[in-house]
1. Which whole-Hz couplings ³J(HN,Hα) result when phi for each residue of segment 64-75 is put into the Karplus expression 6.51 cos²θ - 1.76 cosθ + 1.60, θ = phi - 60°, listed in order with x for Gly and Pro?
2. Lysines near LYS71 by alpha-carbon distance under 28 Å, same-chain residues fewer than 8 away left out - which ones?
3. Test of understanding: in a Gaussian network model of the chain with alpha carbons linked when under 10 Å, which of ALA95, ALA20, ALA161 would top the mean-square fluctuation ranking?
4. Please report, in debye to the nearest 20, how large the charge dipole of segment 78-183 is about its Cα centre when each Lys and Arg carries +1 at its beta carbon and each Asp and Glu carries -1 there.
5. Can you give the calculated 222 nm mean residue ellipticity of the chain, where each DSSP H run of n ≥ 4 adds -39,500 (n - 2.57) and the sum is split over every residue, rounded to the nearest 500 deg cm²/dmol?
6. Could you work out how far the C-alpha centroid of segment 116-167 sits from that of segment 62-92, in angstrom?
7. Between LYS118 and GLU22, how many nm apart are label points set 7 Å from Cα along the C-beta direction?
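Every number in this text was worked out from the coordinates using simple rules, so none of it is lab data. As the structure is a computational prediction, the values presented were derived from the model and not from experiment. Methodologically, a virtual Cβ is constructed for each residue, glycine included, from the backbone with ideal geometry; neighbour enumeration extends over all protein chains shown.
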Amino acid sequence: MILMMGAAGAGKSIQGHQLADEYGYAYISTGEIFRVLITGKRRNEMLAGRLLSDEEVIRIVDTVLELINTKEQFILDGFPRTKVQIDWLLKQCEAGRFDLPVVINLEVDQKVVYDRLKKRGRLDDTEVAISRRHHDYLELTKPLLKYMQEKGIEVYEIDAARDPQAVHQDISLALGDLINQKA
């Protein structure tokens, strides 16, 4: 399992899709899934940039993971984002559901993120929502990378402010042994 992490606008979807296409991996984007499945008041809150609860996220991710062969390599984009979610993931690994993941963390500064998200033009890419999501990433998710490393998860830091092809090359180099084992 490859976890694509980084702030909204870091390029997780572009890189995740490219890896999935190149190596035949399943690609699961929690953001895409949430935009399809979450409705009503919770959808409006999500579009405003508020995170879903750990219980909601875990329930949805767990359901989606039932649909794929988790013994084969796959890419998970946008999960985990909290310590509770990481602990759930680690328990699943301990239970043998899947192997310990590796993390590709796409590093990019807030100005680049803002510019990319404004160009993307999704309904939920308002200034307030972009700012809230970036703040949540810096405060909640980014500090968890160290926790993941302490738990034995390999984390690769990738400079994602560059051309997507250069970023992809760095990801492929970082994942070299993993890609070669599973290819």
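1. 5, 5, 5, 8, 10, 7, 7, 7, 9, 5, 8, 10
2. Filter leaves LYS12, LYS83, LYS91, LYS142, LYS146, LYS151, LYS182.
3. ALA95
4. Numbers: 17 positive and 18 negative charges, 79 e Å.
With Lys and Arg at +1 and Asp and Glu at -1, about 380 debye.
5. Numbers: 10 runs with 98 residues, N = 183.
It comes out at -15500 deg cm²/dmol, rounded to the nearest 500.
6. If you average the Cα positions of each part, the centres end up 18 Å apart.
7. 3.1 nm
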